[in-house]
Amino acid sequence: KAKEQGGGVYEVFSCELYQAVQRRVLIENSLRKALDRGEFRLVYQPLVDARGCMTIGHEALIRWRHPELGTISPMEFIPIAEETGHIVEIGMWALREACLQTKSWQDEGAEKLGISVNLSGRQFQQPELVECIEAVLAETKFDPKLLTLEITENIAIHNERHVMSKLTQLKQLGIKIALDDFGTGYSSLSYLAKFPLDSLKIDKSFVQNIGGNAGEKEIVKTIIGMAHSLNLKVTAEGVETEEQLAYLKQEACDFAQGYLIDRPLEPEACLEQLVRRNGLGRPKVG
Ligand code: C2E
Ligand code: MG
Ligand code: MG
Ligand code: MG
C-alpha cells in the first residue's frame with residue numbers, strides 16, 4: 001500500500017516529523033520563560049499507609065499550562081528540561097513550592113505530614129545541589145525528616161561515585177531517599193544493596209498486573225519481601241483496583257498511591273481530603 005501511494009506517504013511522514021520538531025523547538029524555547037511567567041504548578045497525590053489508609057504524605061507532581069500548546073505532560077517536557085539543563089531551576093522551584101505547601105498543612109495540624117519530590121538525575125550535575133536543598137529547607141523551615149526525594153535508577157549511569165556521595169550527604173541532613181519506578185531499569189537489584197535508600201516504589205506496571213496471572217503476583221510479593229529484608233519500606237504506585245489494594249495489604253506493603261485512593265489533587269482538595277481521611281481539625285480523641 002505504501003508503494004501505491006508513493007511520494008504521498010513520504011510527504012505525510014515528513015510533515016508529521018516537521019510538526020514534531022517544531023513542537024519540540026517551541027517547548028524548548030518556552031521552557032526558558034515558563035518559570036518566570038508562572039506557568040508551572042504542582043498537584044499533590046496522596047500516599048496512604050496500606051493498612052489504615054491514612055494519608056501519610058503526598059507526591060508533588062508538576063503541571064505545565066503552555067499559553068499556546070495547552071497542558072503539556074511532564075512525561076514530555078521533563079526529558080527536554082533535563083537535556084537543556086532547565087530542570088535544575090525547575091526542580092528547585094518544585095522543591096520550594098512543595099515544602100511551602102506542605103508546611104502550611106503541617107501548621108494546620110497535620111504535623112507529621114510528609115512530602116515526596118522527584119529529583120532528576122541531571123540535578124546531580126549541579127555542584128551545589130546539596131547546599132541548595134539545605135537552603136530551601138532552612139528558608140521554608142521544613143523538617144528534613146519529612147522530605148523524601150524520589151530518584152530513579154538512571155541517575156547514576158554516568159558518575160556513580162559522585163551520585164553516591166551526594167546521596168550520602170542528603171541522608172546526613174535527615175532527608176529520605178526513595179527509589180522510584182522500581183523494577184523497570186537495568187540494574188534494580190544492584191541499586192538496592194549499594195545506595196543509601198529508605199524505601200522503594202514498585203512501578204505501576206507490576207501493580208497493575210496483580211489481577212493477572214499468578215506469576216505477576218509473585219513478583220510483587222517477592223519485591224516486598226526483599227525490600228523488607230533490606231530494611232526498606234515499600235510503596236506501591238498506580239493502585240487502581242480494590243483487588244490490588246487487598247493483595248498489597250495482605251503482603252504487608254507499607255504504602256499505597258494510585259487513582260483508587262486519589263488522583264493527583266489541587267491543594268484545596270488535599271486539605272479537604274486530610275480533614276475527611278485523617279480527621280484534621282477535629283478534636284483528638286483520647
Ligand atoms: P512518577 O514520579 O513515577 O509519578 C507517578 C506518575 O503516575 C504520575 O504521572 C501520576 O499522575 C501517575 N499515576 C498515579 N497514580 C496512577 C494510577 O493509579 N494509574 C496510572 N496509570 N497512573 C498513575 P505524571 O504526573 O504524569 O508524572 C509523570 C512523571 O513525570 C513522574 O513519574 C516523574 O518521573 C515526572 N515528574 C513529575 N513531576 C516532576 C518534578 O517535579 N520533577 C521531576 N524531575 N520529575 C517530575
Ligand atoms: Mg515519583
Ligand atoms: Mg513512580
Ligand atoms: Mg512511574
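The values are calculated or read from the model by the stated rules, or taken from the named source; none is laboratory data. Remember, it's a predicted structure, so these values are computed and weren't measured experimentally. Cβ atoms come from the backbone with ideal geometry, glycine included; neighbour counts cover every protein chain shown. Protein only, heavy atoms only, side chains kept; ligands, DNA and RNA dropped before computing areas. Shrake-Rupley method; radii C 1.70, N 1.55, O 1.52, S 1.80 Å.
Being in contact (Cβ under 8 Å) with a residue 12 or more places away in the chain, away from ligand 1 (no atom under 16 Å from the Cβ) and surrounded by fewer than 17 Cβ atoms within 10 Å (Cβ to Cβ) narrows it down to one of Lys194, Lys221, so name that one.
One residue alone meets the criteria, Lys194.
In the stretch 233-286, what residues are within 16 Å of ligand 2 (Cβ to nearest atom), without any contact (Cβ under 8 Å) to a residue 60 or more places away in the chain and either in contact with a Pro (Cβ under 6 Å, 6 or more places away or on another chain) or in a loop (DSSP other than H, G, I, E, B) (or both)?
Listed by number, the residues that qualify are Glu237, Gly238, Val239, Gly258, Tyr259.
Name the single residue, out of those in the stretch 182-206 being farther than 11 Å from Leu230 by Cβ and in contact with a Lys or Arg (Cβ under 7 Å, 6 or more places away or on another chain), that is farthest from ligand 2 (Cβ to nearest atom).
Restricting to residues being farther than 11 Å from Leu230 by Cβ and in contact with a Lys or Arg (Cβ under 7 Å, 6 or more places away or on another chain), the top hit is Pro196.
Just to verify a result, which residue in the stretch 178-191, among those that are within 15 Å of ligand 1 (Cβ to nearest atom) and open to solvent by 40 Å² or more (accessible area, probe 1.4 Å), is farthest from Thr235 (Cα to Cα)?
Across the stretch 178-191, the extreme among qualifying residues is Thr184.
Quick one: which of Ile133, Ile155 is outside any strand (DSSP E or B), among the β-branched types (Val, Ile, Thr) and within 16 Å of ligand 4 (Cβ to nearest atom)?
None of the others qualify; the one that does is Ile155.
Quick one: is Met54 touching a Cys at 6+ places or on another chain (Cβ under 8 Å), in contact (Cβ under 8 Å) with a residue 12 or more places away in the chain and open to solvent by 10 Å² or more (accessible area, probe 1.4 Å)?
Taking the combined requirement at face value, the residue does not satisfy it.
Hey, among Ile219, Ile210, which residue is of a type outside the set (D, E, K, R) and in a helix (DSSP H, G or I)?
Step by step, each of Ile219, Ile210 is checked, and only Ile219 is of a type outside the set (D, E, K, R) and in a helix (DSSP H, G or I).
With Leu95, Leu173, Leu100, Leu129 as the choices, which residue is open to solvent by 30 Å² or more (accessible area, probe 1.4 Å), within 24 Å of Trp64 (Cβ to Cβ) and at pLDDT 95 or above?
Only one candidate passes the filter, namely Leu100.
Give me the residue from the stretch 64-78 that is under 17 Å from Leu95 (Cα atoms) and within 16 Å of ligand 4 (Cβ to nearest atom) and, out of that set, surrounded by the fewest Cβ atoms within 10 Å (Cβ to Cβ).
In this case the residue turns out to be Pro74.
Go through the stretch 233-252 and count every residue that is touching a Ser or Thr at 6+ places or on another chain (Cβ under 9 Å) and either surrounded by fewer than 24 Cβ atoms within 10 Å (Cβ to Cβ) or under 15 Å from Gln208 (Cα atoms) (or both).
Selection size over the stretch 233-252: 3.
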